[in-house]
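Structure first, commentary second.
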Amino acid sequence: MRVILRQRPPIAAGLPPIAATYTGPVTPPAAPVDDPFLRAIATRLPGLHLLIDPCDRESYRYDETAHLHPGLPRAVALPTETAQVSELLRLATEFRVPVVPRGAGSGLSGGATGIEGGLTIAFTAMDRILEIDRENLVAVVQPGVINATLKTAVAAEGLFYPPDPASFETCSIGGNLGTNAGGLCCVKYGQTRESVLSLEVVMADGTVIRTGGRNLKDVAGYSLTHLIVGSQGTLALITEATLRLRPAPPPRSTLLAFFPTLESAGDAVAGIAAAGLAPVTLELLDRFTIGAVDDMNDLGLDREAAAMLMIESDLPGVASVAEMERAEEVCLAAGAGSTVRARDAQEADWLRQARRSAHYALERMGDVHMEDIVVPRARIPEMLRAIEGIAARHDVRIGTFGHAGDGNLHPDLVFEHGDPRAEEATAAVRNELYRTALDLGGSVTGEHGIGVSRREWLVEQRGADAVRVMRAIKVALDPLGILNPGRVLPDA
Ligand SMILES: Cc1cc2nc3c(=O)[nH]c(=O)nc-3n(C[C@H](O)[C@H](O)[C@H](O)COP(=O)(O)OP(=O)(O)OC[C@H]3O[C@@H](n4cnc5c(N)ncnc54)[C@H](O)[C@@H]3O)c2cc1C
């Protein structure tokens with residue numbers, strides 16, 4: 001089939017406008033009377049915005065993870081500065097209250113969900129970009145800054161902040177650091193950890209430390225930065241980050257390739273790496289997801305294809321043309337039935353946004369649970385076949401898309417709204433997905449984190465000895481276990 005993308009009114013080049021600043025309520029709350037912990041907070045931090053109304057707290061119970069049953073926080077603190085976070089942790093230590101750090105709540109492993117009786121510290125109001133240092137290619141930010149806000153701000157200076165989760169318009173830098181978020185351009189620029197130089201963090205007892213500086217090379221002592229990024233708030237709370245920027249690359253060129261079989265798409269992924277190409281994006285959508293994305297965005301995609309790859313280059317000028325041509329050759333050699341290229345940078349932006357909409361496109365069809373498995377790139381076809389088998393065995397619709405260049409797939413389980421089978425079927429499907437991913441040499445999570453929802457698989461994947469080492473680190477840094485307990489590590 002020859003694919004002709006439908007003519008669209010061009011979307012604005014670059015990123016959509018973002019509401020950058022916190023606009024929440026600023027009135028101090030009434031002092032809680034019958035809770036000594038909350039009374040102590042009100043006394044020692046009189047200027048702190050603390051939510052104690054049950055309706056307000058309710059909205060901090062969940063994140064975006066389906067089928068969790070989290071607790072209701074006792075209170076939600078919205079600090080504006082590090083000193084307040086430090087004092088909150090001193091008080092939490094004194095009163096032995098568990099603390100949940102929270103960014104924008106878009107997480108998909110339950111890491112920021114409420115703990116019954118715990119204190120949630122939401123970093124929404126710590127949302128300032130403190131500095132953009134052009135000479136050193138560095139940005140210093142508070143954790144509540146939204147990823148897209150930072151991208152837009154540095155783009156105005158001719159710079160680029162690579163980490164690019166599909167949720168970039170809603171998720172925060174603190175949450176990205178908490179999960180070591182990935183996204184669409186990790187295949188070239190790595191996950192969030194690769195873009196972090198240093199953190200300011202508050203330890204469980206309230207001590208404030210810095211883990212590094214602005215230097216690109218720095219091997220003084222253990223790398224606490226690397227340890228804390230991805231620890232989902234279980235080791236320390238991040239109150240400031242020094243991030244690595246890059247010069248802005250040229251606008252991207254984009255190629256879509258449609259394959260008659262999953263195997264041929266998998267061969268193309270392997271072929272692109274083998275050809276020495278380094279595209280900035282190498283994304284895959286299966287047939288079910290192609291249909292959902294096409295229904296939502298009216299693109300004119302080949303809905304009969306078993307899989308589609310989206311490949312982007314951000315090389316300059318002729319190098320980009322050459323990279324796309326070579327990628328197209330590899331796809332055709334692997335068996336692609338058709339290919340189509342974005343006509344200009346605006347159309348490339350539009351296609352990328354369409355790819356980012358995959359989860360929402362599937363959500364239009366029912367209640368969705370998103371998974372996050374990884375396999376070695378060469379084993380993607382086997383994993384995709386296995387997903388088809390799992391879907392058939394459990395009679396569950398599964399749309400799979402993801403970051404094929406990283407071997408990171410997101411099977412989305414789609415149920416009719418209110419389907420009473422959903423929770424039980426999800427548990428059964430997840431077990432098979434994780435088992436298969438591990439058997440293929442992969443991981444139960446590539447970027448969403450272990451959080452609450454995958455804890456029981458950590459020992460299975462890492463082994464008991466490795467988890468014992470993790471537990472020893474946790475105990476050393478948080479001896480009372482107040483930082484996000486019940487997340488990441490399984491119960492002893
Ligand atoms: C439609 C959709 C698409 C998505 N696409 C991607 C994707 O492509 N790639 C990807 O990686 N993720 C993706 N996600 C998941 C999610 O957006 C990311 O995990 C993101 O990093 C979470 O950011 P957040 O601000 O919402 O954090 P939250 O969900 O609030 O928190 C995430 C974790 O970080 C911890 N945390 C938050 N702030 C701090 C802090 N200051 N200090 C210490 N710990 C902290 C929390 O305790 C929690 O464990 C997607 C989610 C959705 C809904």
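The values are calculated or read from the model by the stated rules, or taken from the named source; none is laboratory data. Just so we're clear, the structure is a prediction, and the values are computed from it rather than from any experiment. Using ideal geometry, Cβ is built from the backbone for each residue, glycine included, and neighbour counts are taken over all protein chains shown. Only protein heavy atoms, including side chains, enter the accessible area calculation; ligands, DNA and RNA are left aside. Shrake-Rupley method; radii C 1.70, N 1.55, O 1.52, S 1.80 Å.
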Practice item. Return the only residue of GLU312, GLU304 being at pLDDT 95 or above and closer than 15 Å to ALA348 by Cβ. Key: GLU312
Check your understanding: In this structure, is ALA166 within 14 Å of the ligand (Cβ to nearest atom), within 21 Å of ILE121 (Cα to Cα), of a type in the set (A, V, I, L, M, F, W, C) and part of a loop (DSSP other than H, G, I, E, B)?
Key -> no
Review point. Does any residue of the stretch 86-97 turn out to be within 11 Å of the ligand (Cβ to nearest atom) and among the aromatic types (Phe, Trp, Tyr)?
Key: no
Exercise for review: Six or more apart or on different chains, Cβ under 9 Å: which pairs go from a residue in the stretch 404-427 that's on the phi > 0 side of the Ramachandran plot to one that's surrounded by 13 or more Cβ atoms within 10 Å (Cβ to Cβ) and in a helix (DSSP H, G or I)? Could you list them?
Suggested key: GLY407/VAL269; GLY407/ARG377; GLY407/ALA378; GLY407/ARG379; GLY407/ILE380; GLY407/MET383
Check your understanding: Can you find a residue in the stretch 76-84 that is within 12 Å of the ligand (Cβ to nearest atom), part of a loop (DSSP other than H, G, I, E, B) and closer than 23 Å to GLU423 by Cβ?
Key -> no
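What residue, of ALA122, ALA112, ALA153, ALA104, is in contact with a strand residue (DSSP E or B) (Cβ under 8 Å, 6 or more places away or on another chain) and more than 13 Å from the ligand (Cβ to nearest atom)? Steps first, answer last, please.
Numbers: ALA122 fails: more than 13 Å from the ligand (Cβ to nearest atom); ALA112 fails: more than 13 Å from the ligand (Cβ to nearest atom); ALA104 fails: more than 13 Å from the ligand (Cβ to nearest atom).
After applying the criteria, what remains is ALA153.
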Review point. Does the stretch 205-216 contain any residue that is modelled with pLDDT of 95 or more, within 13 Å of the ligand (Cβ to nearest atom) and either open to solvent by less than 30 Å² (accessible area, probe 1.4 Å) or within 24 Å of HIS448 (Cα to Cα) (or both)?
Key: yes
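May I ask you to say which residue of VAL368, VAL374 is of a type in the set (A, V, I, L, M), within 16 Å of the ligand (Cβ to nearest atom) and over 19 Å from LEU184 (Cβ atoms)?
Values: VAL374 fails: over 19 Å from LEU184 (Cβ atoms).
From the options VAL368, VAL374, the qualifying one is VAL368.
Condition test on ASP127, is it at pLDDT 95 or above, surrounded by fewer than 21 Cβ atoms within 10 Å (Cβ to Cβ) and within 12 Å of the ligand (Cβ to nearest atom)?
yes
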Exercise for review: Give the number of residues within the stretch 302-323 that are within 18 Å of GLY266 (Cα to Cα) and open to solvent by less than 20 Å² (accessible area, probe 1.4 Å).
Suggested key: 9
Check your understanding: Can you name the residue in the stretch 146-163 that is free of Cβ contacts under 8 Å to residues at least 40 places away in the same chain and surrounded by 22 or more Cβ atoms within 10 Å (Cβ to Cβ) and, of all such residues, is nearest to ASN180 (Cα to Cα)?
Key -> PRO163
